[in-house]
1. Taking residue 340 as the anchor, which lysines have their alpha carbon closer than 16 Å to its alpha carbon, excluding any fewer than eight residues away along the same chain?
2. For the range 293-371, what D do you get in µm² per second when you plug the Kirkwood radius from alpha-carbon pairs into Stokes-Einstein at 37 °C and 0.692 mPa s?
3. What FRET efficiency, computed as 1/(1 + (r/R0)^6) with R0 = 60 Å and r the Cβ-Cβ distance, is obtained for residue 515 and residue 113, rounded to the nearest 0.05?
4. Stokes-Einstein diffusion coefficient for the range 162-207 at 25 °C in a medium of 0.890 mPa s, Rh from the Kirkwood formula over Cα pairs: what value in µm²/s?
5. Could you tell me the center-to-center distance, by alpha carbons, between the range 117-163 and the range 202-247 in angstrom?
6. Report the gain in length on full extension from residue 416 to residue 18: 0.36 nm times residue separation, minus Cα-Cα distance, nm rounded to one decimal.
7. Please compute the modelled spin-label separation between residue 584 and residue 62, points set 7 Å along Cα→Cβ, answer in nm with one decimal.
8. Can you classify the range 284-323 as rounded, prolate or oblate using the Cα gyration tensor, where a ≥ b ≥ c are the square roots of its eigenvalues, rounded means a/c under 1.5, and otherwise it's prolate if a/b beats b/c and oblate if not?
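Only the coordinates and a few stated rules stand behind these numbers; no lab work does. As the structure is a prediction and not an experimental result, all values here were calculated from the model. A quick note on method: Cβ atoms are made from the backbone with ideal geometry, for glycine too, and the neighbour counts reach across all protein chains shown.
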Amino acid sequence: MLDTLISIGDTLKEIRETKGFHLQEVAEKTTINYTSLSRIETGKRLPTKPQVQILASFYKYSEQELIKQLISDKIIYEVQNEDFGLEGFILAEQKIKYGNSLFNDYENLDKFELHSRRYIGNKAKLTDWIMEIIRQETKGNETFIDVFSGTSIVAKEAMKTYKNVVLNDILISNNIAYQAFYDSENWNSKKIIDIVNEYNVLNPKDIKENYFSKNFGGKFYEHDISKLIGHIRQDIENRKNELNSKEYAILLTSLIYTIDRLANTVGHFDAYIKKPITKRPLNFRLIKTEDFAGAKIYKEDANKLVRKLKGDIAYIDPPYNSRQYSRFYHIYENLVQWKKPELFGVALKPEPENMSEYCTSRAKYAFKDLVENLNVKYLAVSYNNTYKSKSKSSANKIKYEEILEILNSVGETQQSQNPKAFFDSVFEVIQEYNLSHSYIKDIVPQELKDEWIKTYYAKFNKKGFDKLKADYNSSTEKSVLQLYLLLIFGFNRMLRFNSKGEYNLPVDFFKEIEFQEDDFVYLDPPYLITFSEYNKLWNEETEKRLLDFLEWLDAQNVKFAVSNVSHYKGKINQQFFEWRRQHNSFDIKSNYISYHDNSNKEFKEVLITNYEPEIFVPTQETINFTELETVLR
């Protein structure tokens with residue numbers, strides 16, 4: 001028993017008696033009173049560290065040995081007297097082994113939920129609606145078959161209702177995820193956590209270049225991160241003999257979920273973003289497993305598999321356009337198989353495999369064959385035609401009318417349309433392009449927060465916005481949904497196109513511009529005395545820098561015009577108001593196009609120029625927008 005171990009009180013008593021001191025004598029010759037000494041020696045209390053140091057000096061005994069005794073007693077006390085004492089002791093051991101800061105970070109991280117991973121076409125926001133309709137229209141069933149499971153979000157919901165759920169997908173990375181989340185094989189949680197903790201203390205500087213870093217570093221992933229990914233993947237493979245199939249699947253799937261948000265992409269691997277990659281840490285986190293004894297997991301061609309199966313309900317959600325998922329997620333397929341194949345092209349893809357007929361011109365015939373060979377009582381099909389491709393060849397490969405015709409040929413058909421379909425599509429595109437990192441709860445790199453203290457999300461969201469703009473402009477069939485999101489995430493909901501008909505609202509700014517004498521500069525800076533979101537970094541100092549810059553332009557014989565607010569709700573921009581007297585000043589009759597109604601404001605907006613406009617303004621005090629356009633020319 002722990003309480004039979006020698007305590008520091010016993011040790012101090014033995015030293016005192018060996019040295020020939022009475023307790024009262026020790027109390028008189030040290031600053032420790034008699035009662036405290038007595039309680040320490042009888043084990044009723046622990047001495048403080050200063051008291052141990054005083055007694056070590058008085059007895060001429062090793063201070064270090066006594067301090068170690070004190071620490072061990074404190075640990076024993078905590079283990080004996082706290083509900084989680086032993087667990088706390090083990091935790092302390094882990095902190096020492098892995099480093100306190102790392103261990104605290106890891107312990108506080110939530111495990112990945114099934115829906116945490118980005119995946120095009122996933123039904124996370126439609127699942128409740130889909131399953132509600134299926135449950136209402138079908139009764140007394142036990143077996144649910146999902147032959148195109150994808151992320152398995154629908155199958156997971158079906159597990160709440162049905163005794164047996166069949167999951168199938170042609171992608172190996174999805175199949176390994178099903179094993180990790182649902183397989184009922186027992187697994188050693190402590191062993192897996194120990195391995196994860198080892199991964200979380202890896203230093204990329206100590207890791208050699210590997211297959212993953214040589215191919216994907218600096219492209220799809222930041223280079224140091226890619227070294228870690230390759231090293232961890234190889235380590236999982238090296239441990240395969242000491243892991244059961246469930247543990248192996250958990251580590252691989254956790255790796256995929258961990259690196260998903262670190263990818264330098266818009267959510268898939270058809271291409272990488274050709275811009276510098278922001279460095280972020282690789283915090284390896286485990287997935288949250290949800291064992292289900294009734295799960296039957298397959299990785300087969302759906303049309304071949306259905307010939308072997310019999311069930312009550314089948315749910316079908318095949319790909320409908322040319323997006324081959326094995327190509328979109330080739331890095332995950334490569335990572336799971338770990339055959340290290342030769343890679344080709346800019347996107348560094350291996351030779352094609354697991355290609356689906358549903359992404360080709362044969363989609364209609366494949367769908368017909370599937371439906372005719374299903375051995376089920378009920379069939380539920382979801383169809384989405386919101387994806388707008390860049391070419392007609394990439395449009396949906398099977399039309400809605402063709403699906404209805406095929407379904408009607410095998411039985412009575414009912415149709416349901418999701419009233420929230422548009423909004424679900426909106427959120428799907430937001431996630432596909434990473435338009436809102438705050439919405440999808442991405443971790444913003446600390447260096448970005450440090451550099452852009454109040455606007456770091458804008459900098460973080462920029463890549464996705466640029467990609468969406470490029471896709472919209474290059475598309476032959478313009479997507480209203482894409483344009484809507486460009487407006488929503490663009491500056492002040494402004495709609496702006498160039499002479500080519502391209503949406504061209506810019507993001508960011510030029511860092512260096514060279515001005516020449518014949519140039520003309522127009523500025524519309526943040527308004528110092530108003531409260532718009534984008535004004536929050538504008539202050540008296542930046543306002544003065546602007547005015548100094550304008551004076552510098554004037555000295556270089558560069559013409560400028562600047563619009564600004566001089567009066568707002570009783571406030572006056574005194575600095576700007578005084579400065580404008582040195583130049584030509586015109587009040588502007590405002591008529592705003594913002595979604596806010598700004599036409600009846602309690603403010604005065606002015607236009608200042610350092611040249612005489614070539615139009616006649618009767619009072620030289622007021623100018624309307626037609627005249628303003630002429631002035632700026």
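1. 214, 227, 349
2. Rounded to a whole number, D works out at 223 µm²/s.
3. Plugging the Cβ-Cβ distance into 1/(1 + (r/R0)^6) gives 0.65.
4. 180 µm²/s
5. After rounding, the separation between the Cα centres reads 34 Å.
6. 134.2 nm
7. Those two pseudo-labels are separated by 9.2 nm.
8. It comes out oblate by the Cα gyration axes.
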